[in-house]
Amino acid sequence: MHALDRKLLRDFKRLWVQGLAIALVLAAGIAVILMSVGMSRALDDTRAAYYDTNRFAHVFASARRAPLSILPDLRAIEGVAQIEAQVRAYAVLDIPGRAKPATGLLISRPEGEAVLNIPLLRSGHWPETNSEVVVNRPFFDANGFALGDELSVNLNGRKRSLTISGTALSPEFVYTIGPGALMPQNETFGILWLTAEVMDASYGMSGAFNTLGLALLPRTSVAPVKAQVKAVLDPYGATTPQDRSGQQSNAFLDAEITQLRVLAYVLPPVFLLITVFLVSMVMSRIVQLERSEIGLMKAIGYTNLEIALHYLMLAGLIAALGVGIGWLAGSWLALAMARLYAQYFDFPFLVFGVPLSVYAWSAGIGVATTSLGALRAAFAAARLAPAVAMAPPAPPRFQTNLGDRAMAALHLSQPSRMILRALLRWPLRAGMTLLGMALAVAVLVASNFFPDAMEEIIDSAFYQSNRQDMLLLFDPSAPVSAVEDVRRLPGVMQVEPQQYYSARLINGPYEKLVPISSVSASADLARVVDGTGQAIAPDPSGVLLSDRLASALHVTVGDSITVSFESGLRETHQVPVTGVVTQFFGLGAYMDETALNRMFRQSPRLTNVNLTLADPGAAEEFESQIKDFPRLVATINMTENRQSFLDTLSQNILVVTTIYGILGTIITVGVAYNATRVQLSERARELASLRILGFSKGEVAYILAGEVLLLALIAQPVGWALGAGVASLMTSGFSSDLYAIPLVLEPGTFARASLIVLGAATVSVALVARRLNNLDLIAVMKTRE
Amino acid sequence: MSQDPEIVFRTEGLTKTYQTGDVQVHALAGVDLTLYAAELTVLLGQSGSGKSTLLNILGGLDHPSKGRFWFKDRELTEASDRALTRYRRDHVGFVFQFYNLVPSLTARENVQLVTDVARAPMTPAEALDLVGLSHRMDHFPAQMSGGEQQRVAIARAIAKRPEVLLCDEPTGALDSKTGTQVLDTLRHVNEAFGTSTVVITHNAAIQGMAHRVIRLADGQIESVRVNDTRLAPADIVW
């Protein structure tokens, strides 16, 4: 080993605490890269592989009842490679030994092999007789079924007992979410595959279909195909065909991938920037301290390049340590994410960990980051003229300026003046130290606002808008008298009928397919609530839109939009936008119930019923009876919905705030510790002189700690502002058609962030200040600087 | 000294001016000098007389402001940084007042710093043996006395078998006894290898061991004297 390399290793060993403090900051950046970039790619790749193998369709269409005879027309559309027609329906399930009703999406299984959205059999066999059913694996597991178990399905009014013959997974249901649910509830929502014969007979679909999947040839433009499919299906009660972005499960996966990518854009640059600064600060100091060694190496005949490389390699060792720790932490984080995905996403195989290429280029980024930081110092070392290097450095120039006059006017003590003068003498360094700690505050603010935002979401969505215990979805043919029948069931307190219609809202080139809900003047259970918690009734003259829907359509109050209903009478109306309301889930649109009935020239009717129950004890009795209710297609237990959302959230928020707390602490320690160490190194002689002159240890520690702690204090408001900015960026980045996160910044968020950063800064500074105890006064005075 | 000795260094009107703040300092004010192969020269002068500046220029660590100088037949006055680096690496050994050992490297490794980049070096062990430190090879600078550290520095300087050895106050930080050991080592190297050796010092007592003594004052040569009889380092006392 070359002597210079040995010097390198020993220098690093001597500097290991400082090196580690920097490496941890770098490691945090690398870890977040591995987790966010790695897992977004892993998720993307896994999904792509699954979709590819199981031929996930490109276009999804549905109709009320379309004859199979039009399939050749659909197949003939240019760009269509394959099609698959099915019959699908929601149904209430009755699971033996369980009071609670469940909801199932029933899918007809074709005679031959499936060609698109091919379900993957996980156990057992496909239904061979009309009394067999295959269920999706998560539903099977959540209910503790065994093959051969039976369950009852309300097949369009006729209850039929089916035997579970197998389990399956499907690319259409990676994120399996029932109607009206916010997250997967596998116990109460299942996918059921039945023979086509049973489905045809039960739903009167012989020779017909109501669901269509289409695969397209490569490089086919989707929009024209959608338009042609719609044209062919239109006479049969078609809804607007959707591409993959409108497919629910796929849309949730998209949202998750987007979140990870937003994280990748926002967080790692912060850590890398701080690493550059820290390496630059420490390396500059090292080069200053090693002036005479640099002079010596030049005298011996080492080239400028060799000397510059020597210092770059020291930074390279920090990179190696940081990348190593970052890989470990990142792999662990990625694994934790993969476990989480296994819980929420139903893939037939594990989501692969971080791709190897991401490991490779994250290491490249690590080395580039520390090299960038060390570049200035390495250049300085290379440029140092040998004769100058051998001589001691000139003392830094201090000048009296405005600041000094201010200090004199304030009658500051000499130690305080030393602190302030150092700040003014090295404004760039002071500025970067301040910025570093401000970024730590910002990271904490930007992560800690999540719980408050969630609280607002929960309050708005569950306790203000949707206050029902249960939501019952009915067949459109259900009579309005069903409300009274429901009211008579045991335990029922409040009942409210409501109507949902699927509709396309169109404003010129902008178009969204959304559910329009009716709101009655007396609505109490399912209300529309604005940002201030006030219930709003939609104006009878028009439609009330959620804010994200309004901005997606580029409309404001007073504009007129085209509403093309895809259920009910399927009419198209021109409707004014009479209001916009802030909402966090979905893209809601609301119309006054009476106005809606008048528009459709219909008597009052319902598609769903909201209800509250007297007490939890009554629920069981109610649930056992509701299962056999006529024309009921699905039940949604909102109380359970709420609970599972809260449970998941509280669990995830604890993990997330802990991780970000660690990240903020790492930044603070990295910045504060290194800044103080460099100070100690620069001021050792000065501080020792003061001790010899009779200053106490405390007074000397004050000078050492004062500068960094003063900067930490000034960094707080800067960090609050930065954090609010980052949080606002993140909320807009996370926003999708599925949900939005409100920007809720409570004073407590800022206080918590500041507490952590000031605490970590104080501990870091104290650790360095302890070294003052070991200050060998005589040795320091003898050292030649 | 042999007849018609080979010339190692030659300077013509060598001048060096430093700008310190608003003040111009003439460190060298026209030095004409010739140094010969295998010669041990002592450059004597008060601090500020310009001896270190002269040594730095001869050693390729600094450029003159005016004048010219040659190493053997090669003019180095306008030599590029790269050429000077090459020149230092191949031909010059330095010994400094404060030893300038790398504290994180052992004696052997400090010497290895040179042998790693030199063209035909001796081994670090040989070099340390020459200065009588073969028993201290694996010690770090902090574990050695000042005299020992300076001998490691000499071993490091001679390990590349340089043609010239430039010593800047090599005994300046040492007491008389250890200083004598260091001077003895320098003379031994000079005699054994025929290395031209320049020792600059403000300590007049050292001049007795030189072949020639050059006095500098105010950046100019004040006098040049040839010693007819040389003192052994052991006989030098200060």
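The values are calculated or read from the model by the stated rules, or taken from the named source; none is laboratory data. Computed from a predicted model, the values in this text were never measured in an experiment. When we count neighbours, we look across all protein chains shown, and the Cβ atoms used for this are built from the backbone with ideal geometry, even at glycine.
Out of curiosity, is residue B:225 of a type in the set (Lys, Arg), outside any helix (DSSP H, G or I) and touching a strand residue (DSSP E or B) at 6+ places or on another chain (Cβ under 9 Å)? Answer is yes for this residue. A count restricted to region A:519-529 and to residues that are closer than 20 Å to residue A:742 by Cα and surrounded by fewer than 17 Cβ atoms within 10 Å (Cβ to Cβ) stands at 0. All told, residue A:555 falls short of being part of a strand (DSSP E or B), outside the structural domain of residue A:457 (by TED's automatic domain parsing) and not polar (S, T, N, Q). In region B:90-131, of all residues being at the interface with chain A (Cβ under 9 Å from one of its Cβ atoms) and either in contact with a strand residue (DSSP E or B) (Cβ under 6 Å, 6 or more places away or on another chain) or in a strand (DSSP E or B) (or both), the one that is farthest from residue A:296 (Cα to Cα) corresponds to B:92.
Looking at residue A:27, is it surrounded by 22 or more Cβ atoms within 10 Å (Cβ to Cβ), at pLDDT 95 or above and under 27 Å from the mean Cα position of the chain (by Cα)? Yes: the conditions hold for residue A:27. When residue A:219 is tested against (1) in contact with a strand residue (DSSP E or B) (Cβ under 8 Å, 6 or more places away or on another chain); (2) at positive phi, exactly one condition is not met: (1). Of the residues A:74, A:106, A:20, the single one that is hydrophobic (A, V, I, L, M, F, W, C) and either surrounded by 23 or more Cβ atoms within 10 Å (Cβ to Cβ) or outside any helix (DSSP H, G or I) (or both) is A:106. Taking the criterion of being buried (at least 18 other Cβ atoms within 10 Å of the Cβ) and within 26 Å of residue A:478 (Cα to Cα), the residues of region A:632-662 that qualify are A:632, A:633, A:634, A:635, A:636, A:637, A:638, A:641. Selection of region A:606-652 for residues being touching a strand residue (DSSP E or B) at 6+ places or on another chain (Cβ under 8 Å), assigned to a loop (DSSP other than H, G, I, E, B) and within 25 Å of residue A:155 (Cβ to Cβ) yields A:606, A:607, A:627, A:628, A:629, A:631.
Scanning region B:72-89 for residues that are not charged (D, E, K, R) and not in a loop (DSSP other than H, G, I, E, B), we see that the one that is nearest to the other protein chains (Cβ to nearest Cβ) is B:85.
Listed conditions (1) surrounded by fewer than 16 Cβ atoms within 10 Å (Cβ to Cβ); (2) among the basic types (Lys, Arg); (3) more than 30 Å from residue A:479 (Cα to Cα) are all met by residue A:677, apart from (1). Among the residues of this structure, residue B:52 counts as one that is buried (at least 21 other Cβ atoms within 10 Å of the Cβ), within 14 Å of chain A (Cβ to nearest Cβ) and either of a type in the set (Ser, Thr, Tyr) or not in a loop (DSSP other than H, G, I, E, B) (or both). Would you check which residues across region A:561-571 are outside any loop (DSSP other than H, G, I, E, B) and either touching a Phe, Trp or Tyr at 6+ places or on another chain (Cβ under 6 Å) or loosely packed, with under 13 Cβ neighbours inside 10 Å (or both) and list them? Correct list: A:565 only. Scan region B:132-173 residue by residue and report those that are away from every other protein chain (no Cβ under 11 Å), in contact with a strand residue (DSSP E or B) (Cβ under 8 Å, 6 or more places away or on another chain), aliphatic (A, V, I, L, M) and in a helix (DSSP H, G or I). Once the filter is applied, which keeps residues that are away from every other protein chain (no Cβ under 11 Å), in contact with a strand residue (DSSP E or B) (Cβ under 8 Å, 6 or more places away or on another chain), aliphatic (A, V, I, L, M) and in a helix (DSSP H, G or I), region B:132-173 yields B:154, B:158. Out of curiosity, is residue A:80 touching a Lys or Arg at 6+ places or on another chain (Cβ under 7 Å) and not charged (D, E, K, R)? No, not satisfied. In region B:151-179, the residue that is farthest from residue B:106 (Cα to Cα) out of those that are surrounded by 21 or more Cβ atoms within 10 Å (Cβ to Cβ) and in contact with a Pro (Cβ under 9 Å, 6 or more places away or on another chain) is B:179. As a summary of the residue check, residue A:266 satisfies the conditions (1) at pLDDT below 95; (2) aliphatic (A, V, I, L, M); (3) more than 30 Å from residue A:57 (Cβ to Cβ); (4) buried (at least 19 other Cβ atoms within 10 Å of the Cβ) except for the one numbered (4).
Yes/no per residue for (1) within 14 Å of another protein chain (Cβ to nearest Cβ); (2) over 41 Å from the mean Cα position of the chain (by Cα):
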| site | (1), (2) |
| --- | --- |
| A:233 | no, no |
| A:238 | no, no |
| A:249 | no, no |
| A:252 | no, no |
| A:269 | no, no |
| A:282 | no, no |
| A:288 | no, yes |
| A:293 | yes, yes |
| A:300 | yes, yes |
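The strands (runs of 3 or more DSSP E) found wholly in region A:122-207 and carrying at least 2 residues that are within 22 Å of residue A:626 (Cα to Cα) and at pLDDT below 95 occupy A:150-155, A:158-169. Does residue A:626 fit the bill of being crowded, with 18+ Cβ neighbours inside 10 Å, over 30 Å from residue A:550 (Cα atoms), out of contact with any His (no Cβ under 7 Å at 6 or more places or on another chain) and touching a residue at least 24 places away in the same chain (Cβ under 8 Å)? Judged against the criteria, residue A:626 is a match.
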